[in-house]
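This report concerns only the one structure given below.
The values are calculated or read from the model by the stated rules, or taken from the named source; none is laboratory data. Here the structure is a predicted model, which is why all the values come from computation and not from measurement. Every residue, glycine among them, receives a Cβ derived from its backbone with ideal geometry; neighbour counts consider all protein chains shown. Side chains included, ligands, DNA and RNA excluded: accessible areas come from the protein's heavy atoms. Shrake-Rupley method; radii C 1.70, N 1.55, O 1.52, S 1.80 Å.
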Amino acid sequence: MADVFEKSIEPASLQMIKKAADDKVQVVFDRAASLKPCPIGADGDCCKNCAMGPCRVPAPKDKTKPRPTGICGATAATISARNFARMVAAGAAAHSDHGRGEAEMFLMAARGEVSEFKVKDEQKLYQVAMDLGVEIGDRPLQEIAIEVGEKAIAEFGRQHGEGAFAQRAPEKRKELWRKVGVFPRGVDREIVETMHRTHIGVDQDYRHILMQAARAALGDGWGGSMIATELQDILLGDPVPLAGEINLGVLKKDYVNIIVHGHEPLLPEVLVVQAQDPEFQKAAEAVGAKGINLAGICCTANEILMRHGIPIAGNFLQQELALVTGAVELMTVDVQCIMQALAPVAKNYHTLLVTTSPKAKIDGALHLEFDDHNATKIAREMIKMAIDNFKNRKPEHVEIPTHKCDQVVGFTYETINYLLGGMFRASYHPLNDNIINGRIRGVAGVVGCSNARVTHNKPNLELIKELIKNDVLVLVTGCAAHVAGEAGLLRPEAAKEFAGEGLASVCEAVGIPPVLHMGSCVDNSRILMAATAIVKAGGLGNDISDLPAAGASLEWMSEKAVSIGEYFVASGVSTVFGVTWPTLGSEETTKFLFEEYEDILKAKWYFEPDPIKAAKWMIDHIDKKRKELGIDKARERVLFDMAKRRELEVA
Ligand code: BF8
């Protein structure tokens, strides 16, 4: 068991890792133990962009020997910059292709071509219409929605000029982007250009490549991802704070358990509605179950939790473990972060694994394709299949951990506005005031994945706890949000239990947790909007890079996380990553990202796998920004002790 404890700190996961071993089922933690990462690839020192290679160019141990280049002469700096830029491009592509799918469905819904979706949030439609330059006037809502859909789709392929949503950024940031040449055009163009420039024999100046990486990432954060978030909010409803539950213990022994896993929320939304049909309730009872229990994994989970309170069964590293409970009748998956190993794991139990996206099939899974017009049909078919499959469950294989935790989620850029400012005078001023007076020391975004190369949930949890203890308000998304939820940090009571005095006082006054769940990974665009709102509210500088704020992803594994980190940095939020750093093989590339970016973009990257040291780096950065803003004194006043106060009074 000693070895099991290194795999995760999360008790339900530990229980299922042990059960998997007893059931002789291999899971990600076993594979990570037997397959070590290639050290040359991990450091970015391998180029496989042409068939003369792969060329491996690590620095020779004997320092007197010259460092090899690729056969074409590409230096280690060029190679690692290319690899890094391609990671950004792939991550941006994943987010943005998701966004495009949403935009296409949005347009169909606006035209009345699908019955399942229609505009739910009119207010947000008008806001987005203005940002896209769509005239509102007296036009009917449908006409506005159609033009919003058309313009949003056109944004992906914008060949020239400046991305429409990127215009939302603070003026000073936009001026900087123009000055250094990274103002993003359409994300499709930025991704294609990145792939072109990193092809053999094109861009061979690592600095020049890394500036394009910044532009492509900005095309994601302020383009593809932001379009996904905004249109989902209009179509599915803007999330508002609501209660939910998280962890493997949300699976129910006597129920037909269906898990939705992946990233695109459209089909899951329909599943949520259809699962409530009394006809299915009766059918479930007829096979001996008490009903149907829907739960989510990964970012789909975040989407349906934020809007419907559907429970989360776990994060990326818990996807196989959910099946190991032996209690899942059906798992439906679409795109991104879905392990191919789910198919063999499912075969060891009775679980039906169903792929639904035209873009993603898995050998060994059943494919029921979601084609925009058949959401209700597919959803109903899957529910029937799950109910039918209940009889195949083997009770002797079922073991569901009891661990689960309450959480309050649904903190968007808009809800923070209302919660702190009130419904009728919604504003970020109260948040800014509390940052200025020092009750809140600063704001941190802790985002991204879980990674089997580090102890599951440990780095992110220790980091978040350290930050809130030091009065840093933490915003979470993606799988990092699940870490906070599983540890009870997304309950309002966590403020009193875990936060520093200043942060706790603000959270308790408003009734919010010290860690705010802002959604899925495309919803990191909400963090950009929140940062912009803080700048615009005033008193904390003129640019996002002036704010006492920092970003982190200590358990990252996906290329999407690299794109997010890159657009955080290019937007002015200095960001620390853990686990490994993909350019460590090149001093020049790493120095450019870790130091020279700060001169150009006013923010930089940092690598620190130790959570306490990473927290210290973030807090030091926040304190430096406070000092530059001249609000470090305010913080000292809050901490003034009584003896000193008495001294002052006497004087
Ligand atoms: O997009 S945090 S493991 S699930 S990549 Fe994937 Fe990472 Fe989880 Fe959501 Ni984001």
Next item on the list: Just flag the GluC sites (Glu not before Pro) in the stretch 70-153 sitting in loop per DSSP whose Cβ has no more than 14 other Cβ atoms within 10 Å.
Entry: Glu113, Glu135
Next item on the list: List the relative contact order of the chain as a percent without decimals, with contacts defined as Cα pairs under 8 Å and 6+ residues apart.
Entry: 16 percent
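Could you please state how large a percent of the accessible area of the stretch 179-239 is carbon and sulfur, counting protein chains only and using a 1.4 Å probe?
Values: 950 of 1710 Å².
Using a 1.4 Å probe with all protein chains present, the stretch 179-239 comes out at 56 percent carbon and sulfur.
May I ask you to order 440-446, 500-506 by the average number of other C-beta atoms within 10 Å around their residues, highest value first? Provide the component values of the computation, followed by the final result.
Details: 440-446: 26.4, 500-506: 19.3.
Highest mean packing first, the order is 440-446, 500-506.
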Note to self: So for each of 298-305, 59-66 I average, over its residues, the number of other beta carbons within 10 Å; can you give me the resulting order with the highest mean first?
What the structure shows: 298-305, 59-66
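Would you mind working out the magnitude of the charge dipole of the chain relative to its Cα centre, with +1 at each Lys and Arg C-beta and -1 at each Asp and Glu C-beta, to the nearest 20 Debye?
1320 debye
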Next item on the list: For the chain, build the charge dipole from Cβ charges (+1 Lys, Arg; -1 Asp, Glu) around the Cα centre, then report which of Leu516, Phe568, Gln159 sits farthest towards its positive end.
Entry: Phe568
Note to self: Can you find, among Met52, Ile9, Ala42, the residue sitting farthest towards the positive end of the charge dipole of the stretch 4-56, where Lys and Arg contribute +1 and Asp and Glu -1 at Cβ?
What the structure shows: Met52
Notebook entry, point to check: If the limit is 26 Å between Cα atoms, which of Lys359/Lys394; Lys7/Lys347; Lys282/Lys394; Lys359/Lys384 go over it?
Noted result: Lys359/Lys394
Note to self: Treating only the Cβ of Lys, Arg, Asp and Glu as charged (+1, +1, -1, -1), what charge dipole size does the stretch 66-119 show about its Cα centre? Round to the nearest 20 debye.
What the structure shows: 400 debye
Next item on the list: Under a cut-off of 20 Å between alpha-carbon atoms, report the lysines in cross-link reach of Lys118, not counting same-chain residues fewer than 8 places apart.
Entry: Lys151, Lys377
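Restricting to the chain, compute how many DSSP beta bridges are antiparallel as a %, nearest 5.
Once the DSSP bridges in the chain are tallied, antiparallel ones form about 15 percent.
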Next item on the list: Would you rank His208, His367 by solvent-accessible area, highest first, keeping every protein chain in place and using a 1.4 Å probe?
Entry: His208, His367
Next item on the list: Please list 331-343, 587-599 highest first by mean number of surrounding beta-carbon atoms within 10 Å per residue.
Entry: 331-343, 587-599
Next item on the list: First select every other residue whose beta carbon is under 9 angstrom from the beta carbon of Ala217; then total the charges, Lys and Arg +1, Asp and Glu -1.
Entry: -2
Next item on the list: Using only alpha carbon positions, build the gyration tensor of the stretch 248-397, then give the equivalent ellipsoid semi-axes as the square roots of 5 times its eigenvalues, largest first, whole angstrom.
Entry: 20, 18, 15
Margin query: Suppose each label sits 7 Å from its Cα in the direction of the beta carbon; what would the Arg207-Asp620 distance come out to in nanometres?
Written below: 2.6 nm
Notebook entry, point to check: R0 = 30 Å: FRET efficiency of Glu143 with Tyr418, Cβ-based, nearest 0.05?
Noted result: 0.55
Item checked: Residue-count net charge about Pro184 - beta-carbon cut-off 13 Å; Lys, Arg +1, Asp, Glu -1 -> +1
Check: How high is the relative contact order of the stretch 76-236, in percent, with contacts defined as C-alpha pairs under 8 Å that are six or more residues apart?
Finding: 40 percent
Notebook entry, point to check: Which whole-number percentage describes the relative contact order of the stretch 248-397, with Cα contacts under 8 Å and a sequence gap of 6 or more?
Noted result: 28 percent
Checklist line | Spacing of the two label points (7 Å from each Cα toward its C-beta) at Lys536 and Ile612, in nm | finding: 4.1 nm
Check: Measuring from centroid to centroid over Cα atoms, what is the spacing of the stretch 156-183 and the stretch 486-562 in Å?
Finding: 25 Å
Next item on the list: Calculate the radius of gyration of the Cα atoms of the stretch 123-279 to one decimal place, then report Dmax, the largest Cα-Cα distance, as a whole number, both in Å.
Entry: 20.5, 63
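What pairs in Lys18/Lys496; Lys19/Lys391; Lys458/Lys613 have C-alpha atoms more than 24 Å from each other?
Correct reply: Lys18/Lys496.
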Checklist line | Cα-centred dipole magnitude for the stretch 535-631, charges only on beta-carbon of K, R (+1) and D, E (-1), debye, nearest 20 | finding: 400 debye
Notebook entry, point to check: Dividing the convex hull volume of the Cα atoms of the chain by its residue count, what figure in Å³ per residue is obtained?
Noted result: 173 Å³
Next item on the list: Could you give the C-alpha radius of gyration of the stretch 81-213 expressed as a fraction of 2.2 N^0.38 Å, taking N as the number of residues it contains?
Entry: 1.23
Check: Once the mean 1/r over all distinct Cα pairs of the stretch 4-56 is inverted, what Kirkwood radius in angstroms do you read off?
Finding: 13.6 Å
Notebook entry, point to check: Across the stretch 124-141, in residue order, what do the Karplus-derived ³J(HN,Hα) couplings come to in whole Hz, using 6.51 cos²θ - 1.76 cosθ + 1.60 with θ = phi - 60° and x for Gly and Pro?
Noted result: 5, 4, 5, 4, 5, 4, 4, 5, 8, x, 8, 5, 9, x, 9, 5, x, 4
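As an exercise, find the ratio Rg/Rh for the stretch 428-576 from alpha-carbon atoms, using the Kirkwood inverse-distance average for Rh. Don't skip to the end; give the middle numbers.
Working: Rg = 14.3 Å, Rh = 15.1 Å.
Expressed as Rg/Rh, it is 0.95.
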